[in-house]
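Notes follow the structure.
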């Protein structure tokens with residue numbers, strides 16, 4: 001009997017971690033299909049890469065020699081290894097970020113394994129991994145996938161610490177939370193989530209012992225993240241960027257001007273209306289639509305109801321983090337599918353769990369799991385596709401490569417270059433390119449020629465199909481030499 005019991009206890013951990021190993025093998029194998037060797041340029045990703053290159057040169061957190069501290073430092077630090085090993089090799093960068101996507105997928109499975117069972121947790125993880133937006137972000141050098149992975153890691157560590165509260169567990173939790181915040185500022189939502197997890201219901205047995213754990217975690221986070229906040233305050237970002245800093249973007253009507261008027265109730269109300277409409281479409285369509293249809297509204301309400309049901313049942317860090325993140329997004333100063341990613345992947349598991357809760361007295365366990373799986377597949381299955389890239393992105397990349405080759409041919413070492421996506425061009429050219437953000441928006445007041453000539457630029461790069469297209473048209477009217485490469489134009493001013 002002793003031998004049999006011993007064998008059983010040895011096999012149980014193996015059976016528990018076997019699905020994790022199989023999931024790891026499946027996601028790792030899929031990298032051969034999912035990792036792109038090209039880049040769909042984004043301004044934030046370009047800034048992360050430029051800062052990482054600056055760090056490798058020993059020039060600190062800077063872009064084109066100017067301080068850049070709008071974003072937390074973590075993502076740029078994470079990009080240092082692939083850049084040090086391979087340079088600007090987008091295949092290597094995308095593979096590196098995709099590994100964090102695999103980590104997020106595995107952590108999502110582990111988090112929901114005991115909640116919904118192994119088969120349904122595998123489906124939750126698979127739907128998250130195969131989501132087109134997640135795969136686009138894995139291939140974009142953005143902070144969203146690593147930030148989501150580290151948030152899930154912090155949630156798992158917090159749950160582990162709560163099972164056996166002790167100073168060393170609180171220390172590990174603080175380290176995990178600090179790491180998540182260093183990569184993605186919105187992960188600050190983990191702190192109130194942790195506090196509510198430890199102290200809810202508020203006022204119940206609010207002894208010093210119950211307060212010590214969250215206080216210790218907060219102290220570790222302050223010690224680790226505080227120096228960056230001080231550094232960023234002493235080295236404010238220079239240059240033409242979409243926001244001056246997070247505080248200005250949240251509190252002021254003009255996100256680029258800290259001296260502008262405060263955002264009043266009208267501005268906040270407009271943000272709330274626009275954000276709710278936008279994210280209803282995103283949640284309903286699996287991060288695929290910008291404007292909601294009736295089906296998206298219905299699905300979004302159902303998903304929020306599922307998150308509420310799980311919160312009412314568990315009230316853990318995961319649930320509080322999801323709802324606090326939703327509250328932040330409701331009044332956030334900008335909108336993007338990627339910002340919803342952490343909430344979205346947690347919502348997949350929450351919907352599965354909510355179906356199991358709702359059917360607990362109506363069917364056999366196997367039937368309940370099948371029903372939950374059918375609900376998840378009905379929601380997200382129609383949005384899965386083999387080609388997850390943005391429509392036309394690969395063709396635009398080919399155009400951009402031709403434009404960059406032309407710039408290298410005609411630009412002298414002393415030439416001053418500007419562009420509507422200056423940071424991305426700087427990454428590809430390996431030299432400074434001035435950011436002409438107003439040209440990219442297409443709302444620069446007056447004649448764009450004035451902006452270019454005031455900056456004494458010799459060469460200008462623009463995308464011709466967006467607001468900056470009028471720059472190429474004006475240049476042609478003035479007799480400037482304009483080389484067109486599909487969606488891009490190189491103008492010799």
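Put simply, when 414-425, 155-166 are sorted by average Cβ atoms within 10 angstrom per residue, most first, you get 414-425, 155-166.
Ordering 332, 48 from the fewest to the most neighbouring beta carbons within 10 Å gives 332, 48. Highest mean packing comes first when the peptides 246-253, 216-223 are listed by Cβ atoms within 10 Å, giving 216-223, 246-253.
Quick one: grab the alpha carbon gyration tensor of segment 393-492, order the square roots of its eigenvalues as a ≥ b ≥ c, and give me rounded if a/c is under 1.5, else prolate or oblate depending on whether a/b is larger than b/c. Because its axes are fairly even, with a/c under 1.5, segment 393-492 counts as rounded. Put the Cα centre of segment 92-113 next to the Cα centre of segment 275-314 and the gap is 23 Å. For the chain, DSSP calls about 70 percent of its internal beta bridges antiparallel. In percent, rounded to a whole number, the relative contact order of segment 163-314 is 13, using alpha-carbon pairs under 8 Å and six or more apart. When peptides 483-490, 269-276, 68-75 are ranked by their average number of other Cβ atoms within 10 Å per residue, the highest-first order is 68-75, 483-490, 269-276.
For segment 138-182 and segment 317-357, what is the centre-to-centre distance using only Cα atoms, to the nearest Å? Rounded to whole Å, the Cα centres lie 17 Å apart. Its residue count N sets the reference 2.2 N^0.38 Å, and the alpha-carbon radius of gyration of the chain equals 1.06 times that reference.
Pairs of Cα atoms nearer than 8 Å and 6+ residues apart set the relative contact order; for the chain it is 15 percent.
Taking every DSSP helix (H) stretch of at least 4 residues in the chain, weighting each as -39,500 (n - 2.57) and dividing the sum by the residue count yields a mean residue ellipticity at 222 nm of -21500 deg cm²/dmol. Here the calculated FRET efficiency for residue 223 and residue 261, from their Cβ-Cβ distance with R0 = 45 Å, stands at 0.80, rounded to the nearest 0.05.
Put in order of Cβ neighbour count within 10 Å, fewest first, the listed residues 265, 27, 256 become 265, 256, 27.
Only the coordinates and a few stated rules stand behind these numbers; no lab work does. Not measured: the values here are computed from a predicted model. A quick note on method: Cβ atoms are made from the backbone with ideal geometry, for glycine too, and the neighbour counts reach across all protein chains shown.
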